[in-house]
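*Asks:* This is the structure, below, for whatever I ask next.
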Amino acid sequence: MPWEEVTVMAQRADFVELALRDDANMRGLCREFGITPRTGYKWLKRFREEGEAGLYDRSRRPTHSPRRSGARTEGAVLKVRSEHPAWGGRKIKWKLVEQGMRPVPSASTITAILRRHDMLPQHEGDKHRPLQRFEMAQPNQLWQMDFKGRFEMMNGAVCHPLTVLDDHSRFLVCLRACHAERSHRVKYHLEGVFERYGLPERMLMDNGSPWRGFHTTLTFWLVRLGIQIVHGRPYHPQTQGKDERLHRTLKDELLRHQQFSDLQDCQDKFDAWRNIYNLDRPHEGLAMQTPASHYLPSVRAYTGQLPPIEYEPDDILRHADVYGRVLFHAKRFHIGKAFRLSTVALRRTEVDGLFHVYFVRQRIAQIDLRAQHP
């Protein structure tokens, strides 16, 4: 009868009582209680030396841990963690190296220190599962833009953080506190970003209202500047994986630890955190280097003026009317109100009767002459 957890003390006492008899058969008793002779002799020895107290389980924790970190090391680790509450072992190790600490504990040792001081919840590792990854070869080839979910400020109003991230370097080119998700506010903030960092080649965004499809004034303006627009698939936020990861970091390192009195207070704290993110915080996707060390401003300067529109010699040019329609082969095709009174280009495809419609460098629609139109 193997020992059950709920009766283990009673069975050990029964075993010892029988084993102390003069006619006891030790091996037979061990078989009867379902234990090995080695275990049986161990409990008998403990009972003789300590009495009933010797039958209790002893802690397996060593009385001395020669490899446990010293007070100085633990203090340095906890100091960095208190300054950056969301940083894990690898980032803290990088910071200690930068501070000149020698020797520096391993990332796993730092993690153990955090866990020992209840500073690392059990579920924390779940946050770091990688999202779908792709990466541009150079800075400014692609920027990812999105609104972080809104949150309420102390004055009862809400803040909508606008983020723009360079795909190659993870450099945060824009972090602005907005009172609403409006196209004209996004345009205003982007103008400041373009003046400072230049124009990207492409911008990736979801299908949110400020830039839904290619038919808003904001996307029209971006395309007019020669920036190609890429929209993520609906209900697939992993398309903007780096921006989504940025939003988690923003929440973990700033939003959940601060209170914000108003929009200006938000912006002041956003600016301070953005400097830490770009200049001080090591990024695991960059081999623990900072985004700023991988970023250079774009060579495409922003002048505030719209460049002239140029099309290919073989393009078929059409001028959209006030309703955003073009006349082609005696039929009117709607291409979008955002393009009203603008010149667009129709380009032939390999399919007879199918044309792609371009505005500057952006394909915005297609015309199929085979379809029936009123």
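*Asks:* Return the residues of segment 335-353 that are within 20 Å of Asp368 (Cβ to Cβ), surrounded by fewer than 15 Cβ atoms within 10 Å (Cβ to Cβ) and in contact with a strand residue (DSSP E or B) (Cβ under 8 Å, 6 or more places away or on another chain); say none if nothing qualifies.
*Replies:* To start, the set of residues in segment 335-353 that are within 20 Å of Asp368 (Cβ to Cβ) comprises 335-336, 339, 344-353.
Still in the list and also surrounded by fewer than 15 Cβ atoms within 10 Å (Cβ to Cβ): 348-353.
Within segment 335-353, Arg348, Thr349, Gly353 qualify.
*Asks:* If we keep just the residues of segment 238-258 that are among the polar types (S, T, N, Q) and touching a residue at least 12 places away in the same chain (Cβ under 8 Å), which is farthest from Pro85 (Cα to Cα)?
*Replies:* Thr239
*Asks:* When both residues are 6+ apart or on different chains and their Cβ atoms are under 6 Å apart, which pairs have a first residue that lies in segment 259-273 and is among the aromatic types (Phe, Trp, Tyr), and a second that is part of a helix (DSSP H, G or I)?
*Replies:* Cβ pairs passing all conditions: Phe260/Cys266.
*Asks:* Starting from segment 84-107, take each residue that is within 18 Å of Ala71 (Cα to Cα) and list its partners that are surrounded by fewer than 20 Cβ atoms within 10 Å (Cβ to Cβ) and among the charged types (D, E, K, R), counting only C-beta distances under 8 angstrom and pairs at least six apart or across chains.
*Replies:* The qualifying pairs are Ala107/Arg90.
*Asks:* Kindly indicate the residue of segment 65-101 that is in a loop (DSSP other than H, G, I, E, B) and farther than 25 Å from Tyr277 by Cα and also modelled with the highest pLDDT among those meeting that condition.
*Replies:* Going through the qualifying residues, I end up with Gly70.
*Asks:* How many residues does segment 298-320 hold that are surrounded by 13 or more Cβ atoms within 10 Å (Cβ to Cβ) and not aliphatic (A, V, I, L, M)?
*Replies:* 6
*Asks:* Filter segment 144-172 down to the residues that are part of a strand (DSSP E or B) and acidic (Asp, Glu), then identify the one that is farthest from Gly198 (Cα to Cα).
*Replies:* Glu152
The values are calculated or read from the model by the stated rules, or taken from the named source; none is laboratory data. Computed from a predicted model, the values in this text were never measured in an experiment. Glycine gets a Cβ as well: all are built from the backbone with ideal geometry, and neighbour counts include every protein chain shown.
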